[in-house]
Every structure is written in C-alpha cells, then in structure tokens.
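Everything on this sheet refers to the single structure shown next.
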Amino acid sequence: MRQTRKERCRILIVETKDDFRAGLADALSKLGHSVTLETERSKALARADLAEFDLLVSDLVDREPATEPEVVRSFKMGVTSLRARRTVAELHDIIEKTLAFKLKRIDSDQKAVNLREKIDLELPSDLTLMNAVLEYLLDRVAKLGLIQVEQSNLFVALDEAFVNAVKHGNRNDASKLLRVTAELSSHEAIFTVEDEGDGFDVRDIPDPRDPANLFKSTGRGVLLIYNIMDEVEYSERGTRLKMVKRPQNSAPAG
C-alpha cells in the first residue's frame with residue numbers, strides 16, 4: 001500500500017540538452033519533489049551538497065563522439081543517501097516517471113542503428129521498484145532489435161534474477177541496494193544484478209529436476225535463468241549474477 005503522506009525528495013538531474021533537462025525536471029517537479037539541474041557530470045559530482053540528494057539521474061543522451069562504428073550512450077540512476085531508502089513509495093513514482101519520460105522523449109529521439117547502451121541502476125530492494133525497471137529494460141532490448149523479447153523468455157530470466165536478489169539476497173530489506181547494469185549492443189545483451197546480502201554458493205541449491213525435490217520451489221528460478229540465458233556466471237560469494245543473451249543462432253563472442 002502506498003504511503004498517503006509523501007516526503008519531499010531532492011533529485012539531481014544531469015542532462016546536456018536543454019529541452020530534455022527542462023522536460024524531465026517539470027515532470028518530476030509535478031510530483032511535488034525538489035529538482036536541481038546540472039549540464040555536466042563533472043560539475044554534478046563536484047557539488048559540495050551531493051550527499052544531500054535522494055536520487056541522481058544522469059547521462060540521458062550521447063556522451064561520446066561517434067568516432068567509432070557504434071555510438072555509445074549511457075544512463076545512470078541511483079540513490080545518493082540513506083535517507084532516500086526510507087521513501088520507497090516516493091521513489092516508485094519518480095522512477096516510473098523518469099523511465100517513461102526517457103522512453104518517450106529521449107530514447108525515441110535516437111536511432112537504434114549502431115547504438116551501444118550502458119544502463120546503471122542503483123535502487124532500494126523493493127520489488128515494486130523493479131517492475132518499472134524490468135519493463136524499461138525489455139523495451140530497450142526490443143527497440144534495439146537485438147532479441148525478440150516475447151519469444152526469448154527474457155522477461156522470466158530477469159524477473160527471477162530480481163526476485164532472487166531482493167527476496168533471498170537482501171531479504172526484502174529496502175535499506176540494502178540492488179544494482180542492475182545492462183550493456184546492450186547489436187551483438188549481445190549483458191545484464192548484471194548485484195545485491196548486498198550475505199551471499200550463497202550456487203552449487204548448494206537443490207536440483208529441482210531431482211524427483212526428491214519435486215515439490216520444492218528452491219532452485220527453480222536459477223534453473224530457469226540457466227536455461228534461458230546463453231551465459232550465466234555467479235560471483236564467488238553469489239551476490240553478483242552476470243547473464244548474457246545473444247540473438248538466436250549467433251555464435252558466442254571470442
């Protein structure tokens with residue numbers, strides 16, 4: 001249930017284009033939050049009051065000249081203070097509004113041909129926040145023409161990764177962060193999901209295919225991820241999951 005009384009959040013937006021910067025600021029201000037604008041990342045990171053902001057949204061357009069065959073774009077959204085982790089309901093609206101604005105006003109303005117994107121998200125562990133993130137990532141993959149999302153079961157794999165990280169990794173503790181990174185290109189989609197939990201050994205998960213574990217739910221999500229993705233790799237502590245998905249019939253890189 002959403003909170004009825006909203007606390008005012010402080011948001012820092014770093015954006016080079018005047019119209020996009022003003023448009024996003026207006027959209028978020030209408031939610032009742034305080035918005036500060038910067039045009040350059042270096043100036044934003046050098047602010048003496050950086051830690052006082054609840055959320056940072058940066059690099060929404062091209063940041064590197066197109067000197068290579070692929071145009072590189074990046075997008076980062078993250079909480080910047082512990083105070084922001086206590087306002088999950090407010091962050092939910094902000095995240096939905098930001099990602100919706102980005103899809104309609106920024107991503108649609110860019111041609112997907114020869115495009116390489118890096119998306120970094122650092123958010124409290126709350127599955128209501130992950131829904132908007134999941135939809136946004138799937139939309140970006142589909143727009144790039146990399147993978148036929150509906151036929152790939154990519155939704156299932158990412159959803160399982162988010163649920164496992166939030167529920168089993170961070171134990172539904174909204175004060176712990178979930179870090180999601182997506183690196184998208186015409187060759188492959190690389191996703192990493194990292195939690196702040198105690199970790200686990202993936203080898204200790206009971207095999208759900210074993211008849212003895214038929215009625216146990218443990219391990220089914222991990223098995224689905226392995227079956228859907230082309231590459232799956234857990235860190236030594238099990239707190240970081242890397243998943244790679246490539247177009248159908250494409251050969252592994254390297």
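Read-outs throughout are calculated quantities, based only on the coordinates presented, and are distinct from any laboratory measurement. It should be emphasised that the depicted structure is a prediction, and the values quoted were computed from it without experimental measurement. Cβ sites come from the backbone with ideal geometry, for glycine too, and all protein chains shown count toward neighbours.
Key figures for this structure:
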quantity	calculated
By average C-beta atoms within 10 angstrom, highest first, the peptides 11-22, 142-153	11-22, 142-153
Distance in nm between pseudo-label sites at SER235 and VAL202 (7 Å out along the Cβ direction from Cα)	1.4 nm
Label-to-label distance, nm, for residues given as GLU7 and HIS168 (7 Å Cα→Cβ offset)	3.2 nm
Potential extension, ARG47-GLU135 segment - 0.36 nm per residue separation minus Cα distance	28.4 nm
Using a Förster distance of 45 Å, the FRET efficiency for HIS187-THR36 (Cβ separation, nearest 0.05)	0.75
Where labels lie 7 Å past Cα in the beta-carbon direction, separation of VAL72 and GLN248 in nm	3.3 nm
